[in-house]
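Below is one structure; the comments refer to it alone.
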């Protein structure tokens, strides 16, 4: 039987809203549960800052980038990198994860309270 325009269709969709932050949390928990991780948002927009700070990056590899992750041996290195990158006037949004848990970002002022 063919549906006509006068017939109404009843739907009951289930809708979820997922933020980028939630997706990053799941990514970190799944892929980096024991790492010291720096998350840099919109790295392509800040590629000049990253390169001038010593990172070797190919722009073509970042063509569709929203998030760049960097793992380091010591969580203090994450703080050092964040401090260096945050000195630029237009710096990227940066988050620091330790063993799968978000510690801080460069928008918060929590670092003096964190002891690892």
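For the reader, a short list of remarks on this structure follows.
Matching residues to (1) at pLDDT 95 or above; (2) exposed (fewer than 15 other Cβ atoms within 10 Å of the Cβ):
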position	(1), (2)
1	no, yes
6	no, yes
47	no, no
58	no, yes
70	no, no
74	yes, yes
82	no, no
88	no, yes
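- Subset of the stretch 46-78 [part of a helix (DSSP H, G or I), closer than 22 Å to residue 31 by Cβ and out of contact with any strand residue (DSSP E or B) (no Cβ under 9 Å at 6 or more places or on another chain)]: 61
- Within the stretch 93-103, the set of residues being within 10 Å of the chain's Cα centre (by Cα) and either assigned to a loop (DSSP other than H, G, I, E, B) or loosely packed, with under 12 Cβ neighbours inside 10 Å (or both) comprises just one member, 93.
- The stretch 79-92, residues that are in contact with a helix residue (DSSP H, G or I) (Cβ under 8 Å, 6 or more places away or on another chain) and in a helix (DSSP H, G or I): 79, 85
- The conditions of being over 20 Å from residue 81 (Cα atoms) and not in a loop (DSSP other than H, G, I, E, B) are met by residue 30.
- Scanning the stretch 104-116 for residues that are crowded, with 17+ Cβ neighbours inside 10 Å and either part of a helix (DSSP H, G or I) or modelled with pLDDT of 95 or more (or both) returns no hits.
The values are calculated or read from the model by the stated rules, or taken from the named source; none is laboratory data. Remember, predicted model here, so these are calculated numbers, not experimental data. Cβ sites come from the backbone with ideal geometry, for glycine too, and all protein chains shown count toward neighbours.
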